[in-house]
Amino acid sequence: MLLLHAPPEATGIRRVVALFGHGLVGGAIARRLSASLGGREALPFTWSRPEGQLAELARIGERSSELGGPDGRLDLVWSAGKCGFDASEEDAGRELECFGRVVSFAQSLASASTGRLASFHLLSSAGGLFEGQRDIRRDSLPDPRRPYGTLKLRQELFLEGLPASVARHVYRPSSIYGPVSPRHRSGLVSTALLNGVRHEVTSVTGSFTTLRDYVFVEDVAGFVAAQVLHGAPRERGVHFLVSGRPTSIYEVQQEVQRVLKRRIYLAVKSRLTNEQDITFHRQVMPADWHPADLATGLRLVYAQLALQP
Amino acid sequence: MQHATVSAVVPVYAGEKFLPQLVEKLAVVRQQWQAQQAPLVLTEAVFVCDEPIDASASVLERLRQQYDWVKVVTLSKNFGQHPATIAGILHCSGDWIFTLDEDLQHDPVHFGELLRRAVETSSDILYAKPLESVHESVFRDLSSRLYKRLLVSLTNNPHIPQFNSFRLMRGALARAAASVCSHETYFDVALCWFSNRITSTRLPLKDRRFIETGKSGYNLGKLLSHARRLLVSSQTKVLRGGVLLGLAGLLLSVIFGADIVVRRLFVPGSIDVKGWTSQMLGTLFFGGLSAFFLGVCLEYLSNILLHTQGKPPFFVIDRSKDALIRSHFAREPADAVTARSA
């Protein structure tokens, strides 16, 4: 996990952001926050040793209060997660326990005696919550179909336990794509691009006509970072970070081919659960959210890929 | 209940006067299907603002606020009807997609009829065909027919006479075709790359704008541009004709050359002009050879073009939901659908 902090001269008050998880999305958020706040410090938060997590959280609390001082403001961002879409119930359960510990830690920070925690930001998953639904609108109800979706829904519900003084934001991004790295999971778009460069086959679980909604990681990071840095106190919000544009896997293939100027190879493995469409009505999008289209995002990912050694 | 979703796509350029009525008609179709408990839901109508020249954008904004199924996509500049249609298709998620003009020439009241016909014939693409003269002008309609016939003979695409902007397509197929289109691809030609199950059905279609004002959205320049894009998007017969012509020239030169050589050797007096034999042989042989290889190069170029334009080697389609719609329409007699449409 990372503690991102700024001296008072930069923001007026001492600000500390505790960011859990710096994979694809968390890493991008960290870069945005670092650019604004300046200071960055890594502290251990070990997934594989749940018994040590309480001690690690205590250390995070201590260090954040050292950095923030008595009047500092602390914001907490959860963009961590070991579980992917195909996670088992057992793995999802373990992750939820871990998240529960973090929420308890947040509650302790928000308690009357310290009252330092200003906001909690949770990266949820629109795909996990609304799997198999089309034309999802503001009044659509989450209906998870797998442990991953249930985990995300329960994580959102956990936030209800936070005191009213803490602003809380839940982000529900659709399928996120971004730069490829061996350190984190990659979705279809980035994998197809990378495999295309390497002339390798990309396996797709679903069908060519399956519709999904894709968003570029930098757009998501920019939106979350703006909420963390400039969000109003006690604010609550559920933000659908989606493009509102249904995109078939076939179209992804065409776009990747256009960017690479060569054919790519997709091998489709049919699995009924993965073939279901997930699409969103544009009315769910926040007013100040302007996602890049797939063609632009793909070119940006490709440009970053080309810069890698 | 399992159902098939339907989307409507309307490119908008000068529709200020017609859009409220068009949306009302779409709303009626939606309500009708709901009332009938049909396995069909008109989930969205995507209006693509192609830099309209009138107040269409503000009319659409009002309609969008009124109806939550109305979606508006705004293009950054005027791209033309086909690109706007493609953009609309790529913004919708229906199992079936209708495309129609903004000016009420294409009445949504026929949606049921078209869907019935599509599932009955297991079609992937269904075009509406005018029942009678569209423009009520003998010259305009005849020239349109001749123009299409000429393009069929040039491109070898028998579906061209059916092409119409009032179409019904399987959503997956339409999205796939739209995603392969480049700026020069003719959308209907791209559709033909994905299916041969293309049919048409006759409907009373009238180009009211042309009948009332004498003005058509298509002037000679636009028609020529359409023809050019259609030819460029198609694997044209002309190129193959060029190859054959070159080959014929080459063969002719060999036969004619053999004749000249024989005459030169055995009947030397029959050729008076000195050097004529070699001159003719050279001209015919190299002329034929050049024409042949030029044709071959153009054929390669045409293949590369189709490859870059995204002509697919195959495409997989799921027609399983047709049974659902078919059984619904089986309960509704054909004349009832038509009567309700009327």
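The values are calculated or read from the model by the stated rules, or taken from the named source; none is laboratory data. Just so it is clear, the model here is predicted, and its values are computed rather than measured. Every residue, glycine as well, gets a Cβ built from its backbone with ideal geometry; the counts of neighbours run over all protein chains shown.
Report whether or not B:ARG264 is touching a residue at least 24 places away in the same chain (Cβ under 8 Å), among the charged types (D, E, K, R) and part of a helix (DSSP H, G or I). I'd like the intermediate steps shown before the answer.
Values: touching a residue at least 24 places away in the same chain (Cβ under 8 Å): no; among the charged types (D, E, K, R): yes; part of a helix (DSSP H, G or I): yes.
No, not satisfied.
Can you say whether B:VAL189 is surrounded by 13 or more Cβ atoms within 10 Å (Cβ to Cβ), at pLDDT 80 or above, aliphatic (A, V, I, L, M) and within 19 Å of B:LYS148 (Cα to Cα), as far as the supplied structure shows?
Numbers: surrounded by 13 or more Cβ atoms within 10 Å (Cβ to Cβ): yes; at pLDDT 80 or above: yes; aliphatic (A, V, I, L, M): yes; within 19 Å of B:LYS148 (Cα to Cα): yes.
The answer is yes for B:VAL189.
Counting just the residues of the stretch A:70-97 that are surrounded by 13 or more Cβ atoms within 10 Å (Cβ to Cβ) and more than 22 Å from A:GLY23 (Cα to Cα), which one comes out modelled with the lowest pLDDT? Please lay out each step first, then the result.
Going through the stretch A:70-97, the residues surrounded by 13 or more Cβ atoms within 10 Å (Cβ to Cβ) turn out to be A:72-83, A:85-87, A:91-96.
From what's left, more than 22 Å from A:GLY23 (Cα to Cα): A:72-73.
Numbers: A:GLY72: 81, A:ARG73: 86.
Ranking the qualifying residues of the stretch A:70-97, first place goes to A:GLY72.
Do any residues in the stretch A:277-295 that are within 10 Å of chain B (Cβ to nearest Cβ) have Cβ atoms under 7 Å from those of residues that are crowded, with 19+ Cβ neighbours inside 10 Å and among the acidic types (Asp, Glu), where the two are at least six apart or on different chains, and which pairs are they?
Within 7 Å, the pairs are A:ILE278/A:GLU131; A:ILE278/A:ASP213; A:THR279/A:ASP135; A:THR279/A:ASP213; A:PHE280/A:ASP213; A:HIS281/A:ASP135; A:LEU294/A:GLU255.
Just give me the residues in the stretch A:263-275 being exposed (fewer than 15 other Cβ atoms within 10 Å of the Cβ), away from chain B (no Cβ under 11 Å), in contact (Cβ under 8 Å) with a residue 60 or more places away in the chain and not aromatic (Phe, Trp, Tyr), in sequence order.
So the first thing to find is which residues in the stretch A:263-275 are exposed (fewer than 15 other Cβ atoms within 10 Å of the Cβ), and the list is A:263, A:265, A:267, A:269-273.
Now narrow it down to the ones that are away from chain B (no Cβ under 11 Å): A:265, A:267, A:269, A:271-273.
After this cut, where a residue has to be in contact (Cβ under 8 Å) with a residue 60 or more places away in the chain as well, the list is A:265, A:267, A:269, A:271, A:273.
Of everything in the stretch A:263-275, those that are exposed (fewer than 15 other Cβ atoms within 10 Å of the Cβ), away from chain B (no Cβ under 11 Å), in contact (Cβ under 8 Å) with a residue 60 or more places away in the chain and not aromatic (Phe, Trp, Tyr) turn out to be A:ALA267, A:LYS269, A:ARG271, A:THR273.
Restricting to the stretch A:175-190, give me the number of residues that are at pLDDT below 90 and closer than 17 Å to A:SER125 by Cα.
Count: 5.
Out of the stretch A:113-124, which residues are touching a residue at least 40 places away in the same chain (Cβ under 8 Å) and in a loop (DSSP other than H, G, I, E, B)?
Let us first name the residues in the stretch A:113-124 that are touching a residue at least 40 places away in the same chain (Cβ under 8 Å), namely A:114-124.
Within the stretch A:113-124, A:THR114, A:GLY115, A:ARG116, A:SER124 meet the criteria.
Quick test of your reading of the structure: B:ASP141 fulfils all but one of (1) buried (at least 23 other Cβ atoms within 10 Å of the Cβ); (2) modelled with pLDDT under 85. Name the failing condition by number.
(1)
In this structure, is B:SER7 under 21 Å from B:LEU168 (Cα atoms), of a type in the set (Ser, Thr, Tyr) and touching a residue at least 40 places away in the same chain (Cβ under 8 Å)? Outline the logic, then answer.
Details: under 21 Å from B:LEU168 (Cα atoms): yes; of a type in the set (Ser, Thr, Tyr): yes; touching a residue at least 40 places away in the same chain (Cβ under 8 Å): yes.
So B:SER7 passes the test.
With among the polar types (S, T, N, Q) and under 30 Å from B:THR185 (Cβ atoms) as the only criterion, which of B:SER270, B:SER302 stands out? Show your work before the answer.
Numbers: B:SER270 fails: under 30 Å from B:THR185 (Cβ atoms).
Exactly one of B:SER270, B:SER302 is among the polar types (S, T, N, Q) and under 30 Å from B:THR185 (Cβ atoms), namely B:SER302.
Using the structure shown, decide if A:ASP213 is out of contact with any His (no Cβ under 6 Å at 6 or more places or on another chain), crowded, with 22+ Cβ neighbours inside 10 Å and acidic (Asp, Glu). Steps first, please.
On the way: out of contact with any His (no Cβ under 6 Å at 6 or more places or on another chain): yes; crowded, with 22+ Cβ neighbours inside 10 Å: yes; acidic (Asp, Glu): yes.
Yes, satisfied.
Quick check on B:ALA323: is it of a type in the set (Gly, Ala, Ser), part of a helix (DSSP H, G or I) and under 30 Å from A:ALA267 (Cβ atoms)?
In short, yes.
Out of curiosity, is B:HIS159 within 19 Å of B:LEU223 (Cα to Cα) and either among the acidic types (Asp, Glu) or modelled with pLDDT of 90 or more (or both)? Let's see the steps before the verdict.
On the way: within 19 Å of B:LEU223 (Cα to Cα): yes; either among the acidic types (Asp, Glu) or modelled with pLDDT of 90 or more (or both): yes.
In short, yes.
Within the stretch A:191-209, can one find any residue that is exposed (fewer than 15 other Cβ atoms within 10 Å of the Cβ), in contact with a Lys or Arg (Cβ under 9 Å, 6 or more places away or on another chain), within 27 Å of B:ILE317 (Cα to Cα) and among the polar types (S, T, N, Q)? Before the answer, list the steps.
Residues of the stretch A:191-209 that are exposed (fewer than 15 other Cβ atoms within 10 Å of the Cβ), as a first pass: A:198-201, A:203.
Next, only the ones that are in contact with a Lys or Arg (Cβ under 9 Å, 6 or more places away or on another chain) stay: A:199, A:203.
So of that shortlist, the ones also within 27 Å of B:ILE317 (Cα to Cα) come out as A:199, A:203.
If we keep only those that are among the polar types (S, T, N, Q) as well, we get A:203.
There is at least one residue in the stretch A:191-209 that is exposed (fewer than 15 other Cβ atoms within 10 Å of the Cβ), in contact with a Lys or Arg (Cβ under 9 Å, 6 or more places away or on another chain), within 27 Å of B:ILE317 (Cα to Cα) and among the polar types (S, T, N, Q).
Give A:SER243, A:SER248 a once-over and let me know the one that is free of Cβ contacts under 8 Å to residues at least 60 places away in the same chain, within 27 Å of B:ILE89 (Cβ to Cβ) and surrounded by 22 or more Cβ atoms within 10 Å (Cβ to Cβ). Break it down into steps so the answer makes sense when it comes.
On the way: A:SER243 fails: free of Cβ contacts under 8 Å to residues at least 60 places away in the same chain.
Just a single option satisfies the conditions, and that option is A:SER248.
Please go through the stretch B:222-256 and pick out each residue that is at pLDDT 80 or above and either more than 30 Å from B:ASN157 (Cα to Cα) or not in a helix (DSSP H, G or I) (or both).
Selection gives B:LEU252, B:VAL254, B:ILE255, B:PHE256.
Return a yes/no flag: does the stretch B:47-60 have any residue that is within 23 Å of B:LEU173 (Cα to Cα) and touching a strand residue (DSSP E or B) at 6+ places or on another chain (Cβ under 7 Å).
Within the stretch B:47-60, the subset within 23 Å of B:LEU173 (Cα to Cα) is B:47-48.
Still in the running and touching a strand residue (DSSP E or B) at 6+ places or on another chain (Cβ under 7 Å): B:47-48.
Yes, some residue in the stretch B:47-60 is within 23 Å of B:LEU173 (Cα to Cα) and touching a strand residue (DSSP E or B) at 6+ places or on another chain (Cβ under 7 Å).
Scan the stretch B:61-70 for residues that are away from chain A (no Cβ under 11 Å) and assigned to a helix (DSSP H, G or I) and report the count. Don't jump to the end; show me each part of the working.
Within the stretch B:61-70, the subset away from chain A (no Cβ under 11 Å) is B:61-63, B:66-67.
From what is left, the residues that are assigned to a helix (DSSP H, G or I) are B:61-63, B:66.
Going through the stretch B:61-70 one residue at a time, the tally reaches 4.
If you take the residues in the stretch A:42-69 that are free of Cβ contacts under 8 Å to residues at least 60 places away in the same chain and polar (S, T, N, Q), which one is surrounded by the most Cβ atoms within 10 Å (Cβ to Cβ)?
A:GLN53
Of all the residues that make up the stretch A:214-262, how many are touching a Gly at 6+ places or on another chain (Cβ under 8 Å), within 12 Å of chain B (Cβ to nearest Cβ) and of a type in the set (Val, Ile, Thr)?
So the answer is 2.
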